[in-house]
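S.K.: Here it is: the structure, laid out below.
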Amino acid sequence: MKCFKPEVVKCQVDGCSFNQDQTCHALGINVGGPHQECDTFIKSSNKAGNDSISSSVGACKVPNCRFNNMMLCEADKVNVGWHGEHADCMTFSEKA
Ligand code: SF4
Ligand code: SF4
């Protein structure tokens, strides 16, 4: 079985408590479905996570993404960005 741990290489969502310098410092993120939203996003005045951590995707509940296999992400890396007032996985690519 392929070993995958897709890193969250960049997150533009600077309003999230886990974000510092466009980097996610959560241990992992979950991406919700059916829309490719970062479920770990939290808007709070308190900082969250740890600067020594680089995040990766845990579960992804977006079955119509071509990188989704058994609710795990098989992309090498992902980017996250703003979509309105919430955060979206920008690496999402619809299955053909
Ligand atoms: S929005 Fe998601 S990917 Fe971005 S910093 Fe917050 S938890 Fe991490
Ligand atoms: S690239 Fe696709 S499978 Fe991976 S986290 Fe984003 S939406 Fe989910």
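The values are calculated or read from the model by the stated rules, or taken from the named source; none is laboratory data. From a predicted model like this one, the values you see are computed outputs, not experimental measurements. Because the Cβ atoms are built from the backbone with ideal geometry, glycine has one as well, and the counts that use them run over all protein chains shown.
S.K.: For the stretch 26-59, give me each residue that is among the aliphatic types (A, V, I, L, M) and more than 16 Å from ligand 2 (Cβ to nearest atom).
M.R.: I42, A48, I53
S.K.: Output the residue which, of all residues in the stretch 37-58 that are more than 7 Å from ligand 1 (Cβ to nearest atom) and part of a strand (DSSP E or B), is nearest to K95 (Cα to Cα).
M.R.: Selected residue: E37.
S.K.: Filter the stretch 19-36 for residues that are more than 17 Å from K77 (Cβ to Cβ) and near ligand 1 (Cβ under 9 Å from one of its atoms) and give the result.
M.R.: Q20
S.K.: Within the stretch 67-87, restricting attention to residues that are in contact with a Ser or Thr (Cβ under 6 Å, 6 or more places away or on another chain) and in a strand (DSSP E or B), which residue is farthest from D21 (Cα to Cα)?
M.R.: Looking at the filtered set, the residue picked out is V78.
S.K.: Follow-up question, since we're still on this one. What pairs can you find where one residue is in the stretch 6-27 and in a strand (DSSP E or B), the other is among the acidic types (D, E), and their Cβ atoms are less than 9 Å apart, with a gap of 6+ or different chains?
M.R.: E7/D76; Q20/D14; Q20/D51; T23/D51
S.K.: Among the residues of the stretch 45-69, count how many are touching a strand residue (DSSP E or B) at 6+ places or on another chain (Cβ under 7 Å), closer than 14 Å to I29 by Cα and at pLDDT 95 or above.
M.R.: Result for the stretch 45-69: 8.
S.K.: Testing D14 on (1) near ligand 1 (Cβ under 9 Å from one of its atoms); (2) crowded, with 16+ Cβ neighbours inside 10 Å, one condition comes back false. Which one is that?
M.R.: Looking at each condition in turn, D14 falls short on (2).
S.K.: I would also like to ask the following. I want to confirm something. Restricting to the stretch 68-80 and keeping residues that are at negative phi and without any contact (Cβ under 8 Å) to a residue 40 or more places away in the chain, which single residue is farthest from ligand 1 (Cβ to nearest atom)?
M.R.: Restricting to residues being at negative phi and without any contact (Cβ under 8 Å) to a residue 40 or more places away in the chain, the top hit is N69.
S.K.: To continue, here is another question. Evaluate the stretch 61-83: report whether one residue or more is over 23 Å from K95 (Cβ atoms) and surrounded by fewer than 19 Cβ atoms within 10 Å (Cβ to Cβ).
M.R.: Among the residues of the stretch 61-83, at least one is over 23 Å from K95 (Cβ atoms) and surrounded by fewer than 19 Cβ atoms within 10 Å (Cβ to Cβ), which makes the answer yes.
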